[in-house]
Protein chains: 2
Amino acid sequence: MISQEKNSGSAATPDVPVKIDRAHPVTLREVAEAAGVSTATVSLVINKKKNARIAEETRERVKDAIRHLGYRPNAMAKNLVSGTSKFIGLVADGVATTPFAGQIIHGAQDEAWKHGYALLIANTEGNLDLEKDAIAMMLEYKVRGILYSTWFHRPTDVPETLRESDFVLVNCFSPDSSTSRAVVPDEAQGGQSATEILLRGGHRRIAFINTTTPAPAKDGRLKGYQDALEAAGIPFDPSLVLEAYPDQEGGYGATEELLKRNVSAVYCYNDRMAMGLYDGLRENGLSIPDDIAVVGFDNQEVIAAHLRPPLSTVSLPHYELGAAGVRMLLGLDKSPDGNLVKISCPAVERASVAVHSAA
Amino acid sequence: MISQEKNSGSAATPDVPVKIDRAHPVTLREVAEAAGVSTATVSLVINKKKNARIAEETRERVKDAIRHLGYRPNAMAKNLVSGTSKFIGLVADGVATTPFAGQIIHGAQDEAWKHGYALLIANTEGNLDLEKDAIAMMLEYKVRGILYSTWFHRPTDVPETLRESDFVLVNCFSPDSSTSRAVVPDEAQGGQSATEILLRGGHRRIAFINTTTPAPAKDGRLKGYQDALEAAGIPFDPSLVLEAYPDQEGGYGATEELLKRNVSAVYCYNDRMAMGLYDGLRENGLSIPDDIAVVGFDNQEVIAAHLRPPLSTVSLPHYELGAAGVRMLLGLDKSPDGNLVKISCPAVERASVAVHSAA
DNA sequence: TGGATGTGATCAAGCGTTTTAGCAAAATTA
DNA sequence: TAATTTTGCTAAAACGCTTGATCACATCCA
């Protein structure tokens, strides 16, 4: 009332900084009173309703009042009316364990934001009770849908409560693919790309150090290796496939066996193995890429980009997984190809494979 | 009505799996009707109100109805009434750039959850418009407060809108510390711990390769180095402090200068420099830790734990920063020590420093 | 001049909860 | 037996917003 009288005379209310009373936020009604209109009118102005008929003069008056009072809409009230929130839930089983999960979050967050959604995240660290609570919380907040993600690519059971909402599996998949949508990395294509880097480098005799741990990645990356060889007309030689534990020690430990194979290039199951292999090769007086070329998998920046020489590898597209998960959830990707989307793993070429001088 | 009649006879309604109609979620009123009571009663039962007088028999009837119908409270409605949500906002300037930010999120998430809060995150990647929108969104959702975090420790300006809510700076601080609370890593203590690892290893002549980039970490880590020396009664020799760009190349490039200093140990500004230094030393035929001992800073797992030999270093407590931020926000830490809390950086000893055999 | 059309804004119902005040019946006391 | 207290439950007013139905008035066309 008071401020209305004070300002009703001047057309352009100065954009004064506002004293904010946090205890009692400004409401629609107060704005309406200040502007001398009904709450309905204010609502229409705020939401820029297309076919709302509001005089330009009134519109300005309302906007001034809003600025003047420092009004913030109450999203809770808004959502109550609309019945659905602008949230997308993301439950992850391990933010802690790895830098990877962060990228899924990041991709999901960016894409969600692009479409006006905010991310509600929960980290369960594998704890099933926590997971149940997290999903319940998200359901109570009437999220638009839930992204259920794992930190490494694997099959997973779909928690029952997840089905109370729209959901998409990210970096994991259900054995029963008919009742759930999922987004996963294309391991086979990645393995093929990795191998192709070496083929392009002129190598014909290429070893593959696979992991000992069973996983979709183990099979996929091997298949990609075989596919690439086949496409290049090189017969697959099983004796060139070694196996080791997928870490630095594993790679280091595989050196000796590898050297017996007399190859000119190696494709490692992951970057950490490659890192260990670097040490092993060096100790044997071999230089990379001249004596032996190496590619990894994962593109773990901190490792791959900073080894000497920098490691050629293939990216696990975690950012893209998150983003694609959101798109799938919102039905934005016109993917007629069913419930499982595979995201490609792009090659990242660095100096661990020499450029091929025409043979 | 129908289901009420069906069940009103039997005391214990079997816990039947429920057909869930996602289009029209079950409401309090429906539960009330099914149980033959008022919504008030149902609400009272759900919230286990202490001084509500409800007959045990009624209570059970309501609980049955809830289970039976698969009722989920609507958090929006709840919050509308209470005027405040159970959200804590986290705005980060770079989830992408580094594995670190993920840890802040993780710590914040765990601690928030512990107190019944959910995390609403926004990644601004340094974009100010995005940041403004993100904060606005959080304010509209009536978050309990906002954690404003940066991916590396630095001074920052506090966005105006942030002040419309409770907030805590995490991993950053305002030049004007009187108007804002902040949680940061204790760089000086960390630098001291790092140096002490070497001192305990029996080293007296210790070089420090600092960064060339100005930052609180640069000053703090140097101060810690000096403090440790002083405490050990070793005079500070400025010529033992080198500077290089804080990455692998920088560390590698500093090798030559370092070797001129004739030291038995080096403390590097960060793990990436140490990683480069490893290469440089190796090329010079020096072995770690026998010829020269090395410690880093940051404890970037993928690097530090997997170098050969594994790198002794000091942890940047990102998880703790996030958790402490939440505690500070909620006023749970009885920290009488003002607006700035420093979190300690614990030493992580590995094999890059030999154990001291009594001199 | 009067019906039709268009314009600018308001009314009021409703979204799903919580919560206070209060009512009726049962239990207790005097 | 009557007065009082206790017990069990409900009515109804918020909370802050959206939206379809309406209304008063001005303009237009014939």
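Against the criterion of being over 20 Å from A:Asn123 (Cβ atoms), among the aliphatic types (A, V, I, L, M) and outside any strand (DSSP E or B), B:Ile135 qualifies. Scanning the stretch A:200-230 for residues that are under 31 Å from the mean Cα position of the chain (by Cα), free of Cβ contacts under 8 Å to residues at least 24 places away in the same chain and part of a helix (DSSP H, G or I) yields a total of 1. What pairs come up if the first residue lies in the stretch B:23-48 and is more than 18 Å from B:Asn79 (Cα to Cα), the second is in a helix (DSSP H, G or I) and near DNA strand C (Cβ under 6 Å from one of its atoms), and their beta carbons are under 7 Å apart, counting only those six or more places apart or on different chains? Taking only residues 6 or more apart or on different chains, the pairs are B:Ala32/B:Thr39. If you go through the stretch B:194-221 and keep only what is over 27 Å from B:Thr156 (Cβ atoms), surrounded by fewer than 17 Cβ atoms within 10 Å (Cβ to Cβ) and of a type in the set (A, V, I, L, M), you end up with nothing.
Among the conditions (1) at the interface with chain A (Cβ under 8 Å from one of its Cβ atoms); (2) farther than 30 Å from A:Ala101 by Cβ; (3) modelled with pLDDT under 95, B:Leu130 misses just one, which is (2). If you check B:Asp219 against the conditions, is it assigned by TED's automatic domain parsing to the domain that holds B:Gly107 and more than 20 Å from B:Ala324 (Cβ to Cβ)? No, not satisfied. The set of residues in the stretch A:100-127 being small (Gly, Ala, Ser) and facing another protein chain (nearest Cβ under 8 Å) consists of A:Ala101, A:Gly102, A:Ala118, A:Ala122.
Residue check: is A:Gly107 in a loop (DSSP other than H, G, I, E, B), more than 16 Å from DNA strand C (Cβ to nearest atom) and out of contact with any Pro (no Cβ under 6 Å at 6 or more places or on another chain)? Answer is no for this residue. B:Ala34 meets all of the listed conditions (1) within 26 Å of A:Val81 (Cα to Cα); (2) among the small types (Gly, Ala, Ser); (3) within 8 Å of DNA strand D (Cβ to nearest atom) but one, namely (3). Those helices (runs of 4 or more DSSP H) of the stretch A:39-99 in which at least 1 residues are within 9 Å of chain B (Cβ to nearest Cβ) and either at pLDDT 90 or above or more than 9 Å from DNA strand D (Cβ to nearest atom) (or both), considering only elements entirely within it, cover A:75-82. Taking the criterion of being in contact (Cβ under 8 Å) with a residue 12 or more places away in the chain and over 17 Å from the mean Cα position of the chain (by Cα), the residues of the stretch B:309-337 that qualify are B:Pro309, B:Pro310, B:Leu311, B:Ser312, B:Thr313. Looking at this structure, is A:Arg261 surrounded by fewer than 17 Cβ atoms within 10 Å (Cβ to Cβ) and touching a helix residue (DSSP H, G or I) at 6+ places or on another chain (Cβ under 7 Å)? For A:Arg261, the condition - surrounded by fewer than 17 Cβ atoms within 10 Å (Cβ to Cβ) and touching a helix residue (DSSP H, G or I) at 6+ places or on another chain (Cβ under 7 Å) - is met. Considering B:Gly253, B:Gly233, B:Gly224, the condition of being over 22 Å from B:Asn299 (Cβ atoms), assigned by TED's automatic domain parsing to the domain that holds B:Asn284, modelled with pLDDT of 95 or more and surrounded by 15 or more Cβ atoms within 10 Å (Cβ to Cβ) is satisfied by B:Gly253 alone. Within the stretch B:310-332, identify whether any single residue is of a type in the set (D, E, K, R), more than 14 Å from chain A (Cβ to nearest Cβ) and buried (at least 18 other Cβ atoms within 10 Å of the Cβ), and answer yes or no. Yes, the stretch B:310-332 has at least one match. With respect to the stated conditions, B:Ser287 fails to be more than 13 Å from chain A (Cβ to nearest Cβ) and hydroxyl-bearing (Ser, Thr, Tyr). B:Thr161 passes every criterion in (1) of a type in the set (S, T, N, Q); (2) within 14 Å of chain A (Cβ to nearest Cβ); (3) within 27 Å of B:Arg272 (Cβ to Cβ) apart from (3). If you go through the stretch B:24-50 and keep only what is over 12 Å from B:Lys63 (Cβ atoms), more than 7 Å from DNA strand C (Cβ to nearest atom) and of a type in the set (S, T, N, Q), you end up with just B:Ser38. If you take the residues in the stretch B:144-184 that are in contact with a strand residue (DSSP E or B) (Cβ under 9 Å, 6 or more places away or on another chain) and among the polar types (S, T, N, Q), which one is farthest from B:Gly107 (Cα to Cα)? Out of the qualifying residues, it is B:Ser177. Checking the stretch A:90-98 against the condition returns a match, with at least one residue being surrounded by fewer than 23 Cβ atoms within 10 Å (Cβ to Cβ), among the hydroxyl-bearing types (Ser, Thr, Tyr), touching a strand residue (DSSP E or B) at 6+ places or on another chain (Cβ under 8 Å) and in contact (Cβ under 8 Å) with a residue 12 or more places away in the chain.
The values are calculated or read from the model by the stated rules, or taken from the named source; none is laboratory data. These figures come from a predicted structure and were not determined experimentally. All Cβ positions, glycine included, derive from the backbone under ideal geometry; neighbour counts span all protein chains shown.
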